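I have placed the structure first, in the form of structure tokens, so that the comments after it can refer back to it.
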2 protein chains.
Amino acid sequence: MKSKTYHHGDLKNALIKAGVEILAKEGIGKLSLRKVALKAGVSHTAPYSHFSDKQSLIAAISTEGFQRLSKALDSAIKSHANNPKKQLIEGAQAYVKFALANKDIFKIMFSSALEKEKDYPAFVEVSQKAFIQVIDIVRTCQEANIIKSGEADVLAVIIWGQVHGIIALAIEGQISHTVLEKKSLQEIVTQAIEQAIKS
Amino acid sequence: MKSKTYHHGDLKNALIKAGVEILAKEGIGKLSLRKVALKAGVSHTAPYSHFSDKQSLIAAISTEGFQRLSKALDSAIKSHANNPKKQLIEGAQAYVKFALANKDIFKIMFSSALEKEKDYPAFVEVSQKAFIQVIDIVRTCQEANIIKSGEADVLAVIIWGQVHGIIALAIEGQISHTVLEKKSLQEIVTQAIEQAIKS
DNA sequence: ATTGTAATCTTGACACTGTCAAGATTTTAA
DNA sequence: TTAAAATCTTGACAGTGTCAAGATTACAAT
């Protein structure tokens, strides 16, 4: 695979990939620049040629997370064109699925491991894109008279917040066992949306 | 206040307090055991007489956060006895207020800075207590016919998740400026609940 | 093609961190 | 009174993020 040249060739992506792997296998607490570098087969300061600091790498990983999430949302939207309600429900399901399948990436995306002092344009762009997708679904539902009309973005925050909150609580282990024995996360989220819709 | 005895007298609480202060002033990233010890005026390993490791101190800080939150909820509940709807709305407002006034404690309470391998009984107890308070409010609303009946705990997760999710997104800076210019967090949360109620 | 400049990567260093081990001091209980 | 337990200190170690200086390579301008 890798010819042992002095220059790696695609180190930046290799570092992100290594970071994602460490995140999945060992969790946020074990993610270090040095370990990422080691995994990519370079010296411990090589990452500094591509990332200004650890925050910057985290931003890149989060960005990739949002790209994947965005792609999942897009797929849900396109799979159910002309069926706004299904778009909404399946979009939410995609959100749940993504979070459960990528717990630590999901955490890092939202849990402000990223301190927002500096801004990371790519991150901001793709995370806003995800929000815009949600707004669009809501707007479509409004046009189809499935959701009450009004400010679509505020409504989107409310609905998105609901989905996000339930998942976040679940991932952090804050939802009691007894509840999760009755209903799966998927079911709870779906029920939440159904309630929100028929109002 | 402190006589300079060899034994501190109330070091455990002093460490928690110091931790909370650092959290408020410098954020999660700057919270270290050594700094907490320094602030309390003891050596860098003194905390190990009271906390098995850093996680354990974080657990204690989170626990205190839940105690405060729980107290705020309790106050909202008691201030509006015989008015379930107000209990629900004011409870949510208390939740918002607490989160905004203690952003970093709120983050640490939920953002799994606490890795859940070991369990922390005091933490589990008080965090569950908060959830029980929420369930009770929901149950009361059901009895007053303000919320549709059904499994109260599942409904509580849905409502709590909604409130929590909106706040979490806001605190992590994920809610776009344009939305927050139209409506404050308090208003958004209230609107969310009003919608949830009249279904 | 040559060469200078920029990009990439390495070695070495520093301060800071969590944590352990050994020992000092104080409190508590027998 | 004294033995044991609790509390606190000093000293050490490995792991971390990050900087500085220099080595190696790619690349663009001549």
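Determine which member of the set B:58, B:89 is more than 16 Å from DNA strand C (Cβ to nearest atom) and of a type in the set (A, V, I, L, M).
None of the other options fit; the residue is B:89.
Counting only residues that are closer than 29 Å to residue B:97 by Cα and either within 16 Å of DNA strand D (Cβ to nearest atom) or polar (S, T, N, Q) (or both), the stretch B:21-34 holds 8 of them. Residues of the stretch A:56-69 that are more than 11 Å from DNA strand D (Cβ to nearest atom) and of a type outside the set (S, T, N, Q): A:59, A:60, A:61, A:64, A:65, A:66, A:68, A:69. Here the stretch B:37-55 is the region considered, the condition is being of a type in the set (Ser, Thr, Tyr) and in contact with a helix residue (DSSP H, G or I) (Cβ under 9 Å, 6 or more places away or on another chain), and the residue that is farthest from DNA strand D (Cβ to nearest atom) is B:48. Counting only residues that are surrounded by fewer than 19 Cβ atoms within 10 Å (Cβ to Cβ), within 7 Å of chain B (Cβ to nearest Cβ) and assigned to a helix (DSSP H, G or I), the stretch A:180-190 holds 1 of them. Please specify each residue of the stretch B:98-122 satisfying the condition of being aromatic (Phe, Trp, Tyr), closer than 23 Å to residue A:106 by Cβ and either at pLDDT 95 or above or not assigned by TED's automatic domain parsing to the domain that holds residue B:156 (or both). Result: B:106, single match. For the stretch A:11-39, taking the residues that are under 24 Å from the mean Cα position of the chain (by Cα) and over 20 Å from residue A:104 (Cα atoms), the one that is farthest from DNA strand C (Cβ to nearest atom) is identified as A:12.
Look through the stretch B:170-179, keep the residues that are over 14 Å from residue A:150 (Cα atoms) and at the interface with chain A (Cβ under 8 Å from one of its Cβ atoms), and return whichever of them is surrounded by the fewest Cβ atoms within 10 Å (Cβ to Cβ).
Here is the first cut: in the stretch B:170-179, the residues over 14 Å from residue A:150 (Cα atoms) are B:170-178.
Of the ones still in play, those that are also at the interface with chain A (Cβ under 8 Å from one of its Cβ atoms) are B:171-176, B:178.
On the way: B:171: 20, B:172: 20, B:173: 15, B:174: 19, B:175: 23, B:176: 16, B:178: 9.
The qualifying residue surrounded by the fewest Cβ atoms within 10 Å (Cβ to Cβ) is B:178.
Just one of the listed residues (A:18, A:59, A:14, A:37) is among the small types (Gly, Ala, Ser), without any contact (Cβ under 8 Å) to a residue 24 or more places away in the chain, more than 21 Å from residue A:101 (Cβ to Cβ) and crowded, with 19+ Cβ neighbours inside 10 Å, namely A:37. Taking (1) on the phi > 0 side of the Ramachandran plot; (2) surrounded by fewer than 20 Cβ atoms within 10 Å (Cβ to Cβ); (3) within 7 Å of chain A (Cβ to nearest Cβ) in turn, residue B:150 satisfies each apart from (3). Filtering the stretch B:158-169 for residues that are over 18 Å from residue B:91 (Cα atoms), within 7 Å of chain A (Cβ to nearest Cβ) and either surrounded by 15 or more Cβ atoms within 10 Å (Cβ to Cβ) or in contact with a Phe, Trp or Tyr (Cβ under 8 Å, 6 or more places away or on another chain) (or both) leaves a non-empty set. Just the residues that are at the interface with chain B (Cβ under 9 Å from one of its Cβ atoms) and either in a helix (DSSP H, G or I) or among the hydroxyl-bearing types (Ser, Thr, Tyr) (or both), please, taken from the stretch A:110-129. Listed by number, the residues that qualify are A:110, A:111, A:112, A:127, A:128. I'd like to know if the stretch B:133-145 contains one or more residues that are in a loop (DSSP other than H, G, I, E, B) and either within 12 Å of another protein chain (Cβ to nearest Cβ) or not acidic (Asp, Glu) (or both). For the stretch B:133-145, residues in a loop (DSSP other than H, G, I, E, B) and either within 12 Å of another protein chain (Cβ to nearest Cβ) or not acidic (Asp, Glu) (or both): present.
The values are calculated or read from the model by the stated rules, or taken from the named source; none is laboratory data. These numbers come from a predicted model, not from an experiment. So basically every Cβ, Gly included, is an ideal-geometry build from the backbone, and we count neighbours across all protein chains shown.
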